[in-house]
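First up is the structure itself, then whatever we jot down about it.
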Amino acid sequence: MIFRRSYIKSLKFNYDYRHGGEDWDFIIQTLKFGPIKVVPHQLLIFCYSPGSSTFKAINLKRKWDSYSLLASRLSPKFRHGVFYKMFLSYIRMFRK
């Protein structure tokens, strides 16, 4: 994702999402400035390695708790549309 500096320079990291969701929270904060534009091609490839600590039981629980907290705090405005569906699809990976 690419963001305008003028939009993001005032955004703050929310410590509540330190185990997961900080990137989604960042996007939500950015969307308050206006709609996003989609880059029509992939700029990089990202994936989780099977041996990654991401999939250790304790980290999965922490991520699920963090994402659940973020989901519970979303305003009704963000509970509709493609963004919310993508968010829900992504967090299913970390369900307990």
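Some observations on this one:
- With all protein chains in place and a 1.4 Å probe, the accessible surface of the chain carries 60 percent carbon and sulfur.
- Take every pair of alpha-carbon atoms less than 8 Å apart whose residues are at least six positions apart; their mean separation over the length of the chain yields a relative contact order of 34 percent.
- In the assembled protein chains, Lys32 presents an accessible area of approximately 140 Å² (probe radius 1.4 Å).
- Probe 1.4 Å, accessible area per residue of the chain, Å²: 77 Å²
- The heavy atoms of Ile2 present about 130 square angstrom of accessible area, all protein chains included, probe 1.4 Å.
- Rg/Rh for the chain (Cα atoms only, Rh after Kirkwood) is 0.97.
The values are calculated or read from the model by the stated rules, or taken from the named source; none is laboratory data. As the structure is a prediction and not an experimental result, all values here were calculated from the model. Accessible surface is based on the protein model in full, side chains and every heavy atom, while ligands, DNA and RNA are left aside. Shrake-Rupley method; radii C 1.70, N 1.55, O 1.52, S 1.80 Å.
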